[in-house]
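These notes concern the structure reproduced below.
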Amino acid sequence: MKSALLISIALAVACGEGSDSTSPSAISAPVTPVVFGEVYAGVFRDRDAAVYCTGCHAFLGAELSESELYDQLVDVPADRAPCAGKVRVVPGDPEASLLLVKLVPGTPACGERMPAGGGLFGDPLTTAQIELVRRWISDGALR
Ligand code: HEC
């Protein structure tokens, strides 16, 4: 059993070698776009993030379902000064999406980096969480 597996792996490796650019092995595997469920579970319902984002923001409220939270983010303008009017999530355009602009390290174009309070209410999201948000937006902010 084990040796049969090893042989098939060896064959797969051998067949991959020396192939030209038109062979299937040279075509990169399709990348599955990030959907909102991953962001909801991995960022907004993450045990720690849930406390510090939802505590200050009704639009991120802990009681919101996945689709209710989606509807608060995508194509929705911010409601608080000084970022009022800027759009929280612009599908396909991370740089124009206020949500991401407020999460990345550094001082955003308006207001504070989130979570506000400079660490008093919680640490910033992890790099992996921020990159998940970025990928979700650049993949089209799918539901
Ligand atoms: C201590 C309270 C506090 C915490 C915690 C906090 N925010 Fe904020 N947030 C604010 C305040 C106050 C503003 C308005 C001033 C500004 O833009 O800096 C704001 C503005 C925002 C805005 C832009 C305004 C809008 O209506 O869209 C976004 C997006 C945002 N926060 C997301 C988050 C996220 C995501 C988290 C968690 C990582 C978070 N915030 C944590 C207080 C907080």
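Using the per-residue mean of other Cβ atoms lying within 10 Å as a proxy for protection, in what order, highest first, do the peptides 61-67, 109-115 fall? Present the calculation step by step, with values, prior to reporting the outcome.
Details: 61-67: 12.7, 109-115: 16.6.
Order by mean packing, descending: 109-115, 61-67.
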| request: With a ≥ b ≥ c taken as the square roots of the eigenvalues of the C-alpha gyration tensor of the range 34-138, please select rounded if a/c is under 1.5 and otherwise prolate if a/b is larger than b/c or oblate if it is not? | output: rounded
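Under a point-charge model restricted to the Cβ atoms of Lys and Arg (+1) and Asp and Glu (-1), what is the dipole moment magnitude of the range 34-138 relative to its Cα centre, in debye to the nearest 20? Let's see the in-between values first.
On the way: 9 positive and 14 negative charges, 55 e Å.
Here the range 34-138 has a charge dipole of around 260 debye.
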| Could the peptides 101-108, 78-85, 130-137 be put in order, highest first, of the mean number of other beta-carbon atoms found within 10 Å of their residues? | 130-137, 101-108, 78-85
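Any read-out appearing in this document is the output of simple, stated calculations on the displayed coordinates, not a laboratory observation. What you are looking at is a predicted structure, and each value in this text was computed from that prediction instead of being measured. Neighbour counts are summed over all protein chains in view; Cβ atoms, including those assigned to glycine, are modelled from backbone coordinates with ideal geometry.
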